[in-house]
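The block underneath contains the structure these notes are about, expressed in structure tokens.
The values are calculated or read from the model by the stated rules, or taken from the named source; none is laboratory data. Computed from a prediction, not measured in an experiment: that's the story for all the values here. Please note: Cβ atoms are built from the backbone with ideal geometry, for glycine as well, and neighbour counts cover all protein chains shown. Heads up: the accessible areas ignore ligands, DNA and RNA and are worked out on the full protein's heavy atoms, side chains in. Shrake-Rupley method; radii C 1.70, N 1.55, O 1.52, S 1.80 Å.
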Amino acid sequence: DVKVTQSSRYLVKRTGEKVFLECVQDMDHENMFWYRQDPGLGLRLIYFSYDVKMKEKGDIPEGYSVSREKKERFSLILESASTNQTSMYLCASQSGRGALEETQYFGPGTRLLVL
Amino acid sequence: QKEVEQNSGPLSVPEGAIASLNCTYSDRGSQSFFWYRQYSGKSPELIMFIYSNGDKEDGRFTAQLNKASQYVSLLIRDSQPSDSATYLCAVNKGSGYSTLTFGKGTMLLVSP
């Protein structure tokens, strides 16, 4: 079974703080993703990575950065947290072989509250 | 035009009935399609995928794909209260693409 873990289930931060969300997968997957999910807006892609040190912007990268120094770990960084970044953050992992049936496996999510 | 559209629901069905969840997509070049189930407060989990026209069955679940109509559906037979969740449709443009485009999901409520 694919296992994707996220560093925190719940996080409370103050406006202006630098926030790190970490994601680790144990299946040697090439691709990793960060989404945020908000009521009525669905899942929105923030960033993804298809290899170590490689990253691509998703639909809503503003206010976020990412780091992938090791294949199994993909970090999302909020440089200066703002209240509009209060959300559920979901990490996902995908093998990257390019097969049609290739799915994404999600971590448990981090619910972030910025005060 | 939204890329992947789903009725937000809620879709209410009695226990034992067939629940029919629908999804349309705008990119005619899309090649593979996924259904995820998401319980409240939890992360999405894959139910099944389909990439050929027609039906694909897995237990109580059947995915149906019609590429000409750009339509994919999920049927849940003998619905159970434990099936109550939000169902997300996701589309992959093709084998060269990593990203999935998600619909906003349909909430299903199965009443005992």
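A simple rule links phi to the HN-Hα coupling: the Karplus curve 6.51 cos²θ - 1.76 cosθ + 1.60 with θ = phi - 60°, which for the stretch A:15-21 gives 3, x, 6, 8, 10, 10, 10 Hz, with x for Gly and Pro.
Dividing the convex hull volume of the alpha carbon atoms of the stretch A:58-115 by its residue count gives 104 Å³ per residue.
Starting from 0.36 nm per residue, how many nanometres of slack lie between B:ASN7 and B:GLU57 once their C-alpha separation is accounted for?
Numbers: separation 50, 0.36 × 50 = 18.00 nm, distance 2.25 nm.
Working it through step by step, the gained length comes to 15.7 nm.
Once C-alpha pairs closer than 8 Å and six or more residues apart are averaged by separation and normalised to the residue number of chain B, the relative contact order reads 38 percent.
Report the trypsin sites (Lys or Arg not before Pro) located in the stretch A:1-43 that are in a DSSP loop and have at most 11 other Cβ atoms inside 10 Å of their Cβ, or state none.
Working: sites: A:LYS3, A:ARG9, A:LYS13, A:ARG14, A:LYS18, A:ARG36; in loops: A:LYS3, A:ARG9, A:ARG14, A:LYS18.
Answer by residue number: A:LYS3, A:ARG9, A:ARG14, A:LYS18.
What whole number of Å gives the distance from the Cα centroid of the stretch A:7-47 to the Cα centroid of the stretch B:56-110? Comparing the Cα centres of the stretch B:56-110 and the stretch A:7-47, I get a distance of 24 Å. Between A:ASP38 and B:SER82, the modelled labels are 3.5 nm apart [label points 7 Å from Cα along Cα→Cβ]. The modelled label-to-label distance for the pair A:THR83/A:GLU17, using points 7 Å beyond Cα in the direction of Cβ, is 1.6 nm. All other residues whose Cβ lies under 9 angstrom from that of A:ASN31 are scored, Lys and Arg at +1 and Asp and Glu at -1, for a net of -3. Calculated from the alpha-carbon coordinates, the stretch B:62-103 shows an Rg and a Dmax of 13.0, 38 Å respectively.
In this structure A:MET54 has an accessible area near 80 Å², from a 1.4 Å probe over the protein heavy atoms. Measuring r between the beta carbons of A:LEU115 and A:ARG73 and using R0 = 35 Å, the FRET efficiency lands at 0.80. Chain B packed on chain A takes about 1700 Å² of accessible surface away from a 1.4 Å probe, both sides summed.
Given B:LYS42/B:LYS104; A:LYS55/B:LYS104; A:LYS18/A:LYS71; A:LYS71/B:LYS67; A:LYS70/B:LYS104; A:LYS55/B:LYS56, which pairs have Cα atoms separated by over 27 Å?
Details: B:LYS42/B:LYS104 15 Å; A:LYS55/B:LYS104 25 Å; A:LYS18/A:LYS71 23 Å; A:LYS71/B:LYS67 36 Å; A:LYS70/B:LYS104 32 Å; A:LYS55/B:LYS56 35 Å.
Table pairs above 27 Å Cα-Cα are A:LYS71/B:LYS67; A:LYS70/B:LYS104; A:LYS55/B:LYS56.
The C-alpha atoms of chain A occupy a region whose extents along the principal axes are 41, 30, 24 Å, arranged from largest to smallest.
Could you tell me what a quarter of the Cα convex hull surface of the protein assembly as shown works out to, in nm² with one decimal place?
Numbers: hull surface 49.2 nm².
Across all orientations, the protein assembly as shown yields a mean hull projection of 12.3 nm².
The three principal axes of the Cα atoms in chain B give end-to-end lengths of 43, 29, 23 Å, sorted in falling order.
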